[in-house]
1. Within the stretch B:42-65, restricting attention to residues that are assigned to a helix (DSSP H, G or I) and on the phi > 0 side of the Ramachandran plot, which residue is farthest from the other protein chains (Cβ to nearest Cβ)?
2. Can we say B:Ala22 is of a type in the set (A, V, I, L, M, F, W, C), more than 7 Å from chain A (Cβ to nearest Cβ) and under 15 Å from A:Tyr158 (Cα atoms)?
3. Take the residues of the stretch A:4-26 that are surrounded by fewer than 18 Cβ atoms within 10 Å (Cβ to Cβ) and either hydroxyl-bearing (Ser, Thr, Tyr) or within 22 Å of B:Arg93 (Cβ to Cβ) (or both): which is modelled with the highest pLDDT?
4. Kindly check whether there is at least one residue in the stretch B:14-33 that is assigned to a loop (DSSP other than H, G, I, E, B) and either within 17 Å of A:Ala105 (Cβ to Cβ) or acidic (Asp, Glu) (or both).
5. Kindly indicate the residue of the stretch B:95-105 that is of a type outside the set (A, V, I, L, M, F, W, C) and assigned to a helix (DSSP H, G or I) and also farthest from A:Pro41 (Cα to Cα) among those meeting that condition.
6. Please verify whether the stretch A:76-90 includes one or more residues that are in contact with a Phe, Trp or Tyr (Cβ under 6 Å, 6 or more places away or on another chain), more than 22 Å from A:Leu46 (Cα to Cα) and at pLDDT 95 or above.
7. Scan A:Gln129, A:Gln107, A:Gln60, A:Gln67 and give me the residue that is more than 9 Å from every other protein chain (Cβ to nearest Cβ) and within 30 Å of B:Gln9 (Cβ to Cβ).
8. Identify the residue in the stretch B:81-94 that is crowded, with 19+ Cβ neighbours inside 10 Å and assigned to a strand (DSSP E or B) and, among all such residues, is farthest from the chain's Cα centre (by Cα).
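The values are calculated or read from the model by the stated rules, or taken from the named source; none is laboratory data. A quick note: this is a predicted structure, and the numbers were derived from the prediction, not measured. Note: ideal-geometry Cβ built from the backbone for every residue, glycine included; neighbour counts use all protein chains shown.
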Amino acid sequence: MSDATEHRKNLAPWWGLLFAVGAVGCNAAFFARPPLQGALPWLSLLFAVLALVFLAAGLQRAFGRTQVYRGKGLSVVLTVIALFPLGLTAFAFVKARELPSATAAPQVGQRVPDFTLSDTSGKTVSLDQLLAPAGSASTSQSQAQAPKAVLLIFYRGYW
Amino acid sequence: MEKRLGEFQAAGVRPVAISVDAPAVSRNLADKAGYSFPILSDPDAAVIRRYHLLHAGGGPDEQDIARPAEFLVDSSKIVRWSNFTEDVRVRARADEMLAAARQLR
């Protein structure tokens, strides 16, 4: 038997790269607001860990078990490529969770502070107006009677 | 959100968005995304601060912005439901907010 047939294919680095791409790909899935989106950050971490395990195994095979596996160069190249999505995944995970705590914010059962702010046309709108029947508040919605509640959505803004 | 606006109205709930963006920026967003619910502007984050939702230096150029948060506030201005994410990528889904809205009486 020739040398070539005795060597086994080292697929581990490919799996590593695949999981690394999957890890960074989880960030794209957030835009679809899937029902289990709360699990996505952890899924991306899991993929990243699996990627590291496979990449390490791939390198170990290529360099430590040269009688069985070949492809030293390829395993290094794939590992270096995979480090980019892995770096992005780690960066996104840390950045996305750098949020101040909301323990001082109004909690269920507490009264919220009043406010008066400008809408998109520069007209001022107060919380009282928002809770009043439409017409007094600046809104294109036609709500004849006063709403039961307002849904206040604080967001980071667009830039 | 916009797609479910009718369902929010049917549940008697008026959605309102608040950020530090200037009215012109929000108008641009509303035009592009086709939002018809009110988008309010809190450029110096005074209201955001009053709600203890300030993310100091969280924006571009270390700008003070709001951390994401959602409140269902009833006619007596009492919070009936709230959501504070720990990850900016994870926000309340329209489904969850509608479910909370429908439980109001």
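1. B:Glu62
2. yes
3. If we take residues in the stretch A:4-26 being surrounded by fewer than 18 Cβ atoms within 10 Å (Cβ to Cβ) and either hydroxyl-bearing (Ser, Thr, Tyr) or within 22 Å of B:Arg93 (Cβ to Cβ) (or both), then A:Gly25 is modelled with the highest pLDDT.
4. There is at least one residue in the stretch B:14-33 that is assigned to a loop (DSSP other than H, G, I, E, B) and either within 17 Å of A:Ala105 (Cβ to Cβ) or acidic (Asp, Glu) (or both).
5. B:Arg102
6. There is no residue in the stretch A:76-90 that is in contact with a Phe, Trp or Tyr (Cβ under 6 Å, 6 or more places away or on another chain), more than 22 Å from A:Leu46 (Cα to Cα) and at pLDDT 95 or above.
7. A:Gln129
8. Within the stretch B:81-94, the match that is farthest from the chain's Cα centre (by Cα) is B:Trp81.
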